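Quick notes on the structure that follows.
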Amino acid sequence: MRDESPAGREERRRSVLVTGASTGIGAAIAQAFAEIGDRVAVHYSSNAEGAQRVVAGLPGTGHVIVRGDMGDAEQARAVVTDAIELIGSLDVVVNNAGIAPTPETVHDVATADYTDWIDSWRSFVDVNLLGTANVTWAAARQMIDQQAGGRIVNVGSRGAFVGEPAHPAYGASKAAVHAFGQSMAIALAPYGIAVTSVAPGFVATERQETTLAGSRGEGLRAQSPFGRVGTAREIASAVVYLASADAEWCSGAVVDLNGASYLRT
Ligand SMILES: NC(=O)c1ccc[n+]([C@@H]2O[C@H](COP(=O)([O-])OP(=O)(O)OC[C@H]3O[C@@H](n4cnc5c(N)ncnc54)[C@H](OP(=O)(O)O)[C@@H]3O)[C@@H](O)[C@H]2O)c1
């Protein structure tokens with residue numbers, strides 16, 4: 001019989017680190033884990049107010065905030081060690097933090113000058129790929145030491161498959177995140193740690209509100225035969241499943257979350 005006493009429930013609570021949870025998809029993921037009773041470390045880089053707002057809105061107790069720039073190897077590791085210190089252990093990590101493609105980060109090969117080109121590649125790779133790799137290293141070592149298995153879910157992108165002509169470094173960094181997750185799925189399976197990635201299509205986050213309301217909105221909604229874009233909640237629900245005990249056999253998968261807007265063969 002399940003132990004439904006407060007002590008029994010407390011024992012089943014997992015410790016979850018969600019990177020880039022100060023807004024958007026990460027905030028929805030933090031919310032979804034807290035709703036099922038887990039204790040969440042909400043990570044942010046520059047948006048302290050956003051992180052505080054997210055934590056204040058989470059159901060349950062014991063949630064914490066950690067900070068660090070994923071583009072800095074030492075800070076990425078410290079995000080994990082700080083989270084462990086504050087929440088006591090680590091069962092699930094969601095590598096969601098990332099620099100997204102925006103008008104400010106365009107680096108079109110035909111128009112970007114060489115300095116902008118180099119800077120763009122450096123920042124997308126440092127944050128999206130190396131941040132994910134470094135957080136994974138620190139988290140995996142903790143999970144291995146705990147000897148209780150674990151789950152790592154990476155937030156990749158449909159852009160890895162469809163191409164990102166105006167933001168090639170973004171597309172390449174997300175393709176690398178998917179490939180990295182697959183290598184980790186094999187390396188960490190002997191420790192009971194399952195590693196997966198999700199590849200969302202266009203998602204209606206705060207950041208995308210103006211775009212969706214503007215002249216591009218209709219075209220973006222028309223990408224999917226459902227006639228709409230995805231929601232952060234839909235991404236969060238898939239991540240929660242992939243982090244569940246039942247999802248061990250998904251390890252190595254890259255899960256498309258794009259409303260049939262792009263079908264991989
Ligand atoms: N929205 C979409 O349509 C979409 C589609 C496919 C994939 N994705 C992926 O989903 C993830 C979340 O996207 P989103 O739309 O929710 O983006 P968002 O609202 O811009 O949130 C990005 C998060 O990443 C954090 N971050 C950015 N740069 C960082 C850095 N150098 N170090 C540490 N953290 C950093 C931000 O923290 P601060 O704000 O605190 O600095 C923020 O919490 C990203 O990996 C993105 O590539 C999004």
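The values are calculated or read from the model by the stated rules, or taken from the named source; none is laboratory data. Remember, predicted model here, so these are calculated numbers, not experimental data. Using ideal geometry, Cβ is built from the backbone for each residue, glycine included, and neighbour counts are taken over all protein chains shown. For the accessible areas, the whole protein counts, side chains as well, though only heavy atoms, and no ligand, DNA or RNA atoms are used. Shrake-Rupley method; radii C 1.70, N 1.55, O 1.52, S 1.80 Å.
Could you calculate the FRET efficiency of TYR262 with ARG12 from 1/(1 + (r/R0)^6), where r is the beta carbon distance between them and R0 is 45 Å, rounded to 0.05?
0.75
Give the relative contact order (percent, whole number) for region 11-257; include only Cα pairs under 8 Å separated by 6+ residues.
Relative contact order comes out at 19 percent.
List, in order, the whole-Hz ³J(HN,Hα) value for each residue of region 13-26 obtained from phi through the Karplus relation with A = 6.51, B = -1.76, C = 1.60 and θ = phi - 60°; use x for Gly and Pro.
5, 8, 9, 10, 9, 10, 7, x, 9, 6, 6, x, 4, x
Quote to one decimal, in nm, the extra length available between ARG228 and ALA56 on full extension: 0.36 nm per residue of separation minus the C-alpha distance between them.
Length gained between ARG228 and ALA56: 58.9 nm.
Counting only the backbone N, which residues of region 134-176 are under 19 Å from the spot 7 Å out from the Cα of GLN75 toward its beta-carbon?
In region 134-176, the label zone of GLN75 (backbone N under 19 Å from the point 7 Å along Cα→Cβ) covers 134-139.
Carbon and sulfur: what percent of region 11-257's accessible surface (1.4 Å probe)?
54
Please work out the FRET efficiency for the pair VAL109 and SER89, using the Cβ-Cβ distance as r and a Förster radius of 41 Å; give the result to the nearest 0.05.
Using R0 = 41 Å, I get an efficiency of 0.35.
For region 11-257, what does the accessible surface come to per residue with a 1.4 Å probe? Please give it in Å².
Accessible surface, normalised per residue, equals 45 Å².
Springs between alpha-carbon atoms under 10 Å, Gaussian network over the chain: tell me which of ALA245, ALA253, ALA160 tops the mean-square fluctuations.
Answer for the Gaussian network model of the chain: ALA245.
Counting only C-alpha contacts under 8 Å and six or more residues apart, can you give the relative contact order of region 109-221 as a whole percent?
Once divided by the residue count of region 109-221, the mean separation gives 28 percent.
Give me the distance in nm between label points sitting 7 Å out from Cα along the Cα-to-Cβ direction at GLN146 and ASP246, one decimal.
2.1
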